[in-house]
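See below for the structure under consideration.
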Number of protein chains: 2
Amino acid sequence: MKENKIPYKIYLEEGEMPKYWYNLRADMPIKPAPLLNPITKEPVTLKELEQIFCSELAAQELNETDAYIEIPQEIRDFYKMYRPSPLVRAYCLEEKLQTPAKIYYKFEGNNTSGSHKLNSAIAQAYYAKKQGLKGVTTETGAGQWGTALSMACSYFDLDCKVFMVKCSYEQKPFRREVMRTYGASVTPSPSMETEVGKQILKEHPGTTGSLGCAISEAVETASKNSDYRYVLGSVMSMVSLHQSVIGLETKTALEKYGVTPDIIIGCAGGGSNLAGLVAPFMGEVLRGEKNYRFIAVEPASCPSFTRGKYAYDYSDTGRICPLSKMYTLGSGYMPASTHAGGLRYHGMSSILSELYNEGLIEGKTVTQTEVFAAAQQFARIEGLLPAPESAHAIKAAIDEAIKCKETGEEKTIVFGLTGTGYFDMYAYQKFNDGVMSDYIPTDEEINQSLSKLPQ
Amino acid sequence: MKENKIPYKIYLEEGEMPKYWYNLRADMPIKPAPLLNPITKEPVTLKELEQIFCSELAAQELNETDAYIEIPQEIRDFYKMYRPSPLVRAYCLEEKLQTPAKIYYKFEGNNTSGSHKLNSAIAQAYYAKKQGLKGVTTETGAGQWGTALSMACSYFDLDCKVFMVKCSYEQKPFRREVMRTYGASVTPSPSMETEVGKQILKEHPGTTGSLGCAISEAVETASKNSDYRYVLGSVMSMVSLHQSVIGLETKTALEKYGVTPDIIIGCAGGGSNLAGLVAPFMGEVLRGEKNYRFIAVEPASCPSFTRGKYAYDYSDTGRICPLSKMYTLGSGYMPASTHAGGLRYHGMSSILSELYNEGLIEGKTVTQTEVFAAAQQFARIEGLLPAPESAHAIKAAIDEAIKCKETGEEKTIVFGLTGTGYFDMYAYQKFNDGVMSDYIPTDEEINQSLSKLPQ
């Protein structure tokens, strides 16, 4: 074991935890393109957004001027229950790889929801409660977001209605039971509870559902009751804002020990975790103060950045949410069945999309089997079994550390480890049994999907 | 939220972590009764114990004189990957209960094995490696111990052969897959790989196995190969020694903030977690320096302390391990199917048994449904979904906090939260569905089992 002054895990003191979220858009010289009303194709107004989302969240979504937004005391109190999350120095991994690189990871999985999703869930539940709402509706696929929201709603005594994609509802009963333990009502989607659900079941009896359908049911349910709003766990700029707590804690922890990263890596599905991790560092870059490499890692099966197009697109397959300008594979793109459910999104956060378009972020794709090989390697060396999503970042970090070994460079690599894989053991089983395969879409498939982008 | 100076979570600095385990037996005026050879009924010798266990562990098992035993640097390095575990102030629970009591819990679940078991697994793997062994064998029921041992063996590059009770192997495939991800070989027990397994399968074709049978298979497999030893995750005094890291950290954290507990509570199955939590506090009591109330919480379905007998008994149903004097329900006692698998043991640590016999520890039983109600309540308030075993301690802590509310006493309650319930969602589902029932054995059942104690 190397001699060192930096501990294995850096925990900030309570007093060092962020009191403000950082709104990266305020420091962006070119702002993300505005959301458009899906019918009029005009920029959405606050009033329109308030029909779908809580008022305060709608305001945050449109706020491009305030760099710092105060985190309400109630949310900071909840954060104290599971935050600060540790910034871990991966000493064992460094030694095993025999790399001169210094590897750190920000671990967001030490809470019952198992991921970073709770950072935004508690904020969205708080604003819903403050607005006097009775409850919220949402959709969930793999179940991380639904779990996080259930916990947040339980804390603020809000109704939580989750539409869970039917195949997940049946194949992932344990996530469903965590949500139920937190008092959420979990409905397999499509259901007979909504008009859209009835319609889909009529047209496709026996369907096991889709995320697009679940979104549509959640939005319809919220829209039929003025005491409810719909909430969303990724993609939106206000979610990235809440997730900035990840990057702010990471930066404070590094600065406490005088460490400056060279490379910052995160997995990217809808992009909110990556946006949150990089936010304060990217701010320094945009203000001309510092320079870092940023790497967004996406699955080869759903390569929005590396093979998608920067264009306006529907953010949901149901085409009821605002249009967003983003790197997209087309809202009709059906990502191959991959176990990193959280990365199976056709588009990308508009903030990250603009930064990627300006060349400030690199994209990298990795295949499912190499991701699971990295996950297994990491679990055995660092004693922590990661979520498949998070393992995309692990794979990229290991690749960079090996490059350092070849060149002899002592780079400092920081990556986001967004969550644990305890509810993903079915996927690990496939890997352990050697029956996991990879899928890389053809150019034709992607072009066909892109040809249907809205004009 | 109350004003406070004590943070929600107290994390020790790396430099404050224990460098020595504390061996409570050294401070016990009346020592636990010696282990007996199951055949000769004479006290076991070091040489005999070394046939089953690693030499250093056998020596620790018999060591009643050294109060402090140094934790080898390699183990301390591993501890740094997932320790110190947080001592959490349950502010939210206090507020919800409107109690003047101050509630703290030591949370051992922040690691992939999900429980405190890793504290001893890494020690046992280390000594096996140091002895030049090729591997170890063990049994696992619910899977927490097997998972912890798999992680530890992976770290030290040791073979790990786990016999998993067949019904768990089939019903808990996810725990099995965690073990396989860490490179362990997991065999459903009874198996055709051992003589004892073959015999049992011949006599009871189609049996789904038992812990006793899995122990026998693990011991037989180790005994047939001089490069292997059998390892055990609870009950033994050397396991309690390793688990003292829990109590030592807890004590240091409390002292750092000038807090003195009044009541210390833990769940008790084989007893190693409770023994580890109370050790340094009990040491103060035995040395006449302090006074605390200690409460051992056990399931009403398996009440070793409260309804068992203090007598010599077999520690395994296979009757091949040494006889231990302990509170026992009889080695033939078949605890009713309860979901707190870790508490379904007929006996109790000999250290705790002696202390209980001297009136230094109180016993308390709780039923399964009240335990799950407390688990759900705690999950919703404190944001952490506990293992069913740990929820026994939660239930008792809540009961004491409510008593404080009634009397107005500002007692300080510390309890051990040994692990998370993420792999126990099948049990939570039963509770959520309202189909969980309680089982309390009749006096006749217990007396019948006790009548078969060895003479």
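When you check B:TYR182 against the structure, is it buried (at least 24 other Cβ atoms within 10 Å of the Cβ), within 28 Å of A:ASP433 (Cα to Cα) and aromatic (Phe, Trp, Tyr), yes or no? Can you show your working first?
Values: buried (at least 24 other Cβ atoms within 10 Å of the Cβ): yes; within 28 Å of A:ASP433 (Cα to Cα): yes; aromatic (Phe, Trp, Tyr): yes.
Answer is yes for this residue.
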- prompt: Of the conditions (1) in contact (Cβ under 8 Å) with a residue 40 or more places away in the chain; (2) part of a helix (DSSP H, G or I), A:PHE281 fails just one. Which one is it?
  reply: (1)
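Of all the residues that make up segment B:110-121, how many are open to solvent by less than 20 Å² (accessible area, probe 1.4 Å) and facing chain A (nearest Cβ under 9 Å)? Before you say what the answer is, go through the steps one by one.
Keep residues of segment B:110-121 that are open to solvent by less than 20 Å² (accessible area, probe 1.4 Å), which gives B:111-116, B:118-121.
When the remaining residues are screened for being facing chain A (nearest Cβ under 9 Å), the result is B:111-114, B:118.
Matching residues across segment B:110-121 total 5.
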Condition broken by B:PRO38, with the remaining ones in (1) in a helix (DSSP H, G or I); (2) modelled with pLDDT under 95; (3) not basic (Lys, Arg) satisfied: (1)
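For every residue, the table says whether it meets (1) open to solvent by less than 10 Å² (accessible area, probe 1.4 Å); (2) away from chain A (no Cβ under 14 Å).
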{"site": "B:LEU49", "(1), (2)": "yes, yes"}
{"site": "B:ASN63", "(1), (2)": "no, yes"}
{"site": "B:ARG76", "(1), (2)": "no, no"}
{"site": "B:ALA90", "(1), (2)": "yes, no"}
{"site": "B:LYS102", "(1), (2)": "no, yes"}
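Restricting attention to segment B:410-454, and to residues there that are assigned to a loop (DSSP other than H, G, I, E, B) and under 16 Å from B:TYR104 (Cβ atoms), which single residue is least open to solvent (accessible area, probe 1.4 Å)?
From segment B:410-454, those assigned to a loop (DSSP other than H, G, I, E, B) are B:410-411, B:418, B:421-424, B:433-442, B:451-454; that's our starting set.
Pick out the ones that are also under 16 Å from B:TYR104 (Cβ atoms) and you get B:410-411, B:418.
Numbers: B:GLU410: 124, B:LYS411: 54, B:THR418: 9 Å².
Looking at the filtered set, the residue picked out is B:THR418.
Mind counting the residues in segment A:126-154 that are of a type in the set (Ser, Thr, Tyr) and under 17 Å from A:LEU57 (Cβ atoms)? Outline the logic, then answer.
Start the filter on segment A:126-154 by keeping residues that are of a type in the set (Ser, Thr, Tyr), which leaves A:126-127, A:137-138, A:140, A:147, A:150, A:154.
Next, from what is left, pick out any that are under 17 Å from A:LEU57 (Cβ atoms): A:126-127, A:137-138.
The number of residues fulfilling the criteria is 4.
Which of the residues that make up segment A:187-215 are open to solvent by less than 20 Å² (accessible area, probe 1.4 Å) and closer than 19 Å to A:GLY342 by Cβ? Break it down into steps so the answer makes sense when it comes.
Narrowing segment A:187-215 to residues open to solvent by less than 20 Å² (accessible area, probe 1.4 Å): A:187, A:189-191, A:194, A:197, A:212-215.
Within segment A:187-215, A:SER189, A:GLY212, A:CYS213, A:ALA214, A:ILE215 meet the criteria.
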task: Kindly indicate whether any position in segment B:303-310 is in a helix (DSSP H, G or I), farther than 17 Å from B:SER449 by Cβ, open to solvent by less than 20 Å² (accessible area, probe 1.4 Å) and modelled with pLDDT of 95 or more.
output: no
statement: Taking segment B:170-213 and keeping only residues that are in contact (Cβ under 8 Å) with a residue 40 or more places away in the chain and more than 12 Å from every other protein chain (Cβ to nearest Cβ), one is left with B:GLN171, B:SER189, B:VAL196, B:THR207, B:THR208, B:GLY209, B:SER210, B:LEU211, B:GLY212, B:CYS213
statement: With the first residue restricted to segment B:294-323 and required to be assigned by TED's automatic domain parsing to the domain that holds B:LEU232, and the second required to be assigned to a loop (DSSP other than H, G, I, E, B) and open to solvent by 10 Å² or more (accessible area, probe 1.4 Å), Cβ contacts under 6 Å at 6 or more apart or on different chains are none
- line: Apart from one, (1) within 12 Å of chain B (Cβ to nearest Cβ); (2) of a type in the set (S, T, N, Q); (3) over 28 Å from A:THR250 (Cβ atoms) all hold for A:GLN131; the odd one out is (1)
Residue list for segment B:68-77, restricted to those being closer than 15 Å to B:ASN111 by Cβ and over 20 Å from the mean Cα position of the chain (by Cα): B:ASP77
- prompt: For segment B:1-42, how many residues are of a type outside the set (Phe, Trp, Tyr), touching a Pro at 6+ places or on another chain (Cβ under 9 Å) and within 14 Å of chain A (Cβ to nearest Cβ)?
  reply: 8
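Here is a yes/no grid of residues against (1) open to solvent by 40 Å² or more (accessible area, probe 1.4 Å); (2) in contact with a Ser or Thr (Cβ under 8 Å, 6 or more places away or on another chain):
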{"position": "B:ALA253", "(1), (2)": "no, no"}
{"position": "B:ALA268", "(1), (2)": "no, yes"}
{"position": "B:MET282", "(1), (2)": "no, no"}
{"position": "B:GLU289", "(1), (2)": "yes, no"}
statement: The condition of being under 23 Å from A:MET282 (Cα atoms), outside the structural domain of A:GLU389 (by TED's automatic domain parsing) and small (Gly, Ala, Ser) holds, among A:ALA125, A:ALA121, A:ALA67, A:ALA101, only for A:ALA67
message: Looking at segment A:231-251, can you tell me whether even one residue there is open to solvent by less than 10 Å² (accessible area, probe 1.4 Å), over 16 Å from the mean Cα position of the chain (by Cα) and within 30 Å of A:ASN291 (Cα to Cα)?
response: yes
task: Any chance you could count how many residues in segment A:381-409 are within 14 Å of chain B (Cβ to nearest Cβ), outside any helix (DSSP H, G or I) and open to solvent by 10 Å² or more (accessible area, probe 1.4 Å)?
output: 2
task: Could you tell me whether B:PHE156 is under 18 Å from the mean Cα position of the chain (by Cα) and surrounded by fewer than 24 Cβ atoms within 10 Å (Cβ to Cβ)?
output: no
Options B:LYS106, B:LYS96, B:LYS129, B:LYS102: the member that is in contact with a Phe, Trp or Tyr (Cβ under 7 Å, 6 or more places away or on another chain) and of a type in the set (Lys, Arg): B:LYS129
task: Give me a count of the residues in segment B:78-88 that are closer than 28 Å to B:THR260 by Cβ, within 9 Å of chain A (Cβ to nearest Cβ) and of a type in the set (A, V, I, L, M).
output: 1
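The values are calculated or read from the model by the stated rules, or taken from the named source; none is laboratory data. Remember, predicted model here, so these are calculated numbers, not experimental data. Reconstructed Cβ throughout: ideal geometry from the backbone, glycine too, with neighbour counts over all protein chains shown. What goes into the accessible areas is simple: the full protein's heavy atoms, side chains included, and nothing from ligands, DNA or RNA. Shrake-Rupley method; radii C 1.70, N 1.55, O 1.52, S 1.80 Å.
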